[in-house]
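Q: To start, I am sharing the structure in question, which I have written as structure tokens.
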Amino acid sequence: MFIAANWKMNLDKKSILEFTKSLQKFKFSNHINTCIFPPLTYIDYLHNLIKNLPISIGGQNCHFKSFGAFTGEVSANFLKDTGCEYVLIGHSERRILNNENNAEIKSRAETAINSSLKVILCIGENLADRKEGKAVDYIEKQLNDCLPNNFHNSFIAYEPIWSIGTGKIPSSFEIQEMHTHIKKILYKKLNKNINVLYGGSVNVKNINDILDITNVDGVLVGGASLNAKDFLAIYSAAVKHLDISL
Ligand code: PGA
């Protein structure tokens, strides 16, 4: 079970300090993997504040080259060096706002894995594709185009674009259908089971229903992870869910 918190371009030093005070008072489980993806500039700061806790840290993106003349970019090696264990690759905000295409995402993921980072590769269809019944085919193509051959120790996050930050989520059937399909494609390509997280408007109210869905191995949470109380409530729901299923 994996709970990932994507803070995007939110939370400054003061808010991070407050957030971590709540984390320090909380009793974490050894059975849940958790990772926070803070803004790049605060990776080191957060890392130092929570290094006694079973929470990993990740970067929100990395470049496909390890070093060089790429102003404003970040190397996977640097993320690793600063204490990151994970990196998000191919988030739809980067695909849309930074024009990252599948080929580029594939090489970013490949470089990250070669730098010993675990990748959370994000995929997701837009509303038009969902409405026209093309979502499953779209995801299959997206996955085929951006999955690197060296994909190990890594995850897929299924995040429908129309669900991110909107409060709308697909039906349980739609999530189960998509996750099952993604796992089938991955098994065929890699001959192993890959965990698939769901992302898009996950919150305290819908977390139990989402975790009940077959083939959902965890969640990638944006907005609801910015508040320590909600983040920990989501985490607790995952612990409870695991206790029941063990
Ligand atoms: P959201 O974001 O939970 O705010 O919808 C999820 C994400 O973008 O990863």
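The values are calculated or read from the model by the stated rules, or taken from the named source; none is laboratory data. Here the structure is a predicted model, which means the values were calculated and not measured. For neighbour counting, all protein chains shown are included, and Cβ atoms are generated from backbone atoms with ideal geometry for every residue, glycine included. In case anyone asks, the SASA skips ligands and DNA or RNA and just uses the protein heavy atoms, side chains included. Shrake-Rupley method; radii C 1.70, N 1.55, O 1.52, S 1.80 Å.
Q: If we scan the range 192-214, do we find a residue that is of a type in the set (Lys, Arg) and more than 15 Å from the ligand (Cβ to nearest atom)? Walk me through how you get there before you give the answer.
A: Step one: list which residues in the range 192-214 are of a type in the set (Lys, Arg), which gives 192, 205.
This time we only want the ones that are more than 15 Å from the ligand (Cβ to nearest atom), so: 192.
Looking for residues that are of a type in the set (Lys, Arg) and more than 15 Å from the ligand (Cβ to nearest atom), one finds at least one in the range 192-214, hence yes.
Q: Can you confirm whether the range 105-113 contains a residue that is more than 28 Å from Asn227 (Cβ to Cβ) and of a type in the set (Lys, Arg)? Let's see the steps before the verdict.
A: Within the range 105-113, the first condition is being more than 28 Å from Asn227 (Cβ to Cβ), and the residues that meet it are 105-113.
Going one step further and asking which of them are of a type in the set (Lys, Arg), we end up with 106, 108.
Yes, the range 105-113 contains at least one residue that is more than 28 Å from Asn227 (Cβ to Cβ) and of a type in the set (Lys, Arg).
Q: Now for a separate question. Just to be sure before I move on: is Ile161 within 16 Å of the ligand (Cβ to nearest atom) and either under 16 Å from the mean Cα position of the chain (by Cα) or open to solvent by 60 Å² or more (accessible area, probe 1.4 Å) (or both) in the structure I sent?
A: Working: within 16 Å of the ligand (Cβ to nearest atom): yes; either under 16 Å from the mean Cα position of the chain (by Cα) or open to solvent by 60 Å² or more (accessible area, probe 1.4 Å) (or both): yes.
Yes.
Q: Moving on. For a quick check of your reading of the model, give me the residue pairs whose first member lies in the range 98-115 and is outside any helix (DSSP H, G or I) and modelled with pLDDT of 95 or more, whose second is of a type in the set (A, V, I, L, M) and open to solvent by less than 20 Å² (accessible area, probe 1.4 Å), with beta-carbon atoms closer than 9 Å and at least 6 apart or on different chains.
A: Hits for this filter: Glu100/Ile89; Ser115/Ala76; Ser115/Leu79; Ser115/Val87.
Q: Now, a different point. Identify, by number, the condition in (1) open to solvent by 70 Å² or more (accessible area, probe 1.4 Å); (2) assigned to a loop (DSSP other than H, G, I, E, B) that Gly167 doesn't meet.
A: (1)
Q: Could you check Asp217 against (1) away from the ligand (no atom under 15 Å from the Cβ); (2) of a type outside the set (A, V, I, L, M, F, W, C); (3) open to solvent by 50 Å² or more (accessible area, probe 1.4 Å); (4) modelled with pLDDT of 95 or more and say which number it fails?
A: (3)
Q: Here is a further query. Can you find a residue in the range 34-49 that is part of a loop (DSSP other than H, G, I, E, B) and exposed (fewer than 14 other Cβ atoms within 10 Å of the Cβ)?
A: Step one: list which residues in the range 34-49 are part of a loop (DSSP other than H, G, I, E, B), which gives 38-39.
Applying the additional criterion that residues be exposed (fewer than 14 other Cβ atoms within 10 Å of the Cβ) yields none.
No, because not a single residue in the range 34-49 is part of a loop (DSSP other than H, G, I, E, B) and exposed (fewer than 14 other Cβ atoms within 10 Å of the Cβ).
Q: If I ask for residues that are at negative phi, away from the ligand (no atom under 16 Å from the Cβ) and assigned to a loop (DSSP other than H, G, I, E, B), which ones from the range 72-97 would you list? Don't jump to the end; show me each part of the working.
A: First, the residues of the range 72-97 that are at negative phi: 73-82, 84-89, 91-97.
So of that shortlist, the ones also away from the ligand (no atom under 16 Å from the Cβ) come out as 73-82, 84-85.
Answer for the range 72-97, where residues must be at negative phi, away from the ligand (no atom under 16 Å from the Cβ) and assigned to a loop (DSSP other than H, G, I, E, B): Glu73, Val74, Ser75, Thr82, Cys84, Glu85.
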